[in-house]
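Have a look at the structure below, then the notes.
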Amino acid sequence: MHTRDQVFAAAVFKKVSDFHKANDKAAHKKYGSMAHKLPVLIRTAGLAQALAFLEARGNEDQKQLLSDLQAVLKQPKLVANSREAQLDEYARLTREALAALLWFKRFAQSVLKVEASDEPGDDNGKSA
């Protein structure tokens, strides 16, 4: 039997590795940057509002993060569920999303090579 963190780590590593192989460096930055920002957005605005924002305003790479999060949490309707859930279910969804996003953030750093300070389109003075 595996812990929740082990299950999340394995699933997220697969998703991020697949994204890395299928996309270019610019896409990596957009996906990875959102992986760093989404937990903060969830803590400040709440799960439902943060996911709705990402669904409505994110670019395709950022929306892929949402899709990957839904797959890892086995919640294909995560955005709708977060809007309609009762308080205890909403709190559980929030805890699980934040736990999974910790792994997205770590693998954005190690696999995609995107740091929290990296912004899409900004190399921070580094040459390619």
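Laboratory data are not the source of any read-out in this text; all were calculated from the coordinates shown. Everything numeric here is computed off the predicted structure, so don't read it as measured data. FYI the Cβ positions are ideal-geometry reconstructions off the backbone, even for glycines, and counts take in every protein chain you see.
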> If a residue has to be touching a residue at least 40 places away in the same chain (Cβ under 8 Å) and of a type in the set (S, T, N, Q) to count, how many in the stretch 1-33 make the cut?
Replying inline: 2
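Let's see how each residue does on (1) on the phi > 0 side of the Ramachandran plot; (2) acidic (Asp, Glu); (3) crowded, with 18+ Cβ neighbours inside 10 Å:
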| residue | (1), (2), (3) |
| --- | --- |
| Glu89 | no, yes, no |
| Arg95 | no, no, no |
| Trp103 | no, no, yes |
| Ser110 | no, no, no |
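Suppose the filter is of a type outside the set (Ser, Thr, Tyr), in contact with a helix residue (DSSP H, G or I) (Cβ under 9 Å, 6 or more places away or on another chain), more than 17 Å from Ala108 (Cβ to Cβ) and buried (at least 18 other Cβ atoms within 10 Å of the Cβ); does Ala48 pass it?
When the stated conditions are applied, Ala48 passes them.
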> From Gln70, Gln49, Gln64, which residue is in a helix (DSSP H, G or I), in contact (Cβ under 8 Å) with a residue 40 or more places away in the chain and not aliphatic (A, V, I, L, M)?
Replying inline: Gln64
> Any idea which of Phe8, Phe13 is more than 20 Å from Lys77 (Cα to Cα) and part of a helix (DSSP H, G or I)?
Replying inline: Phe13
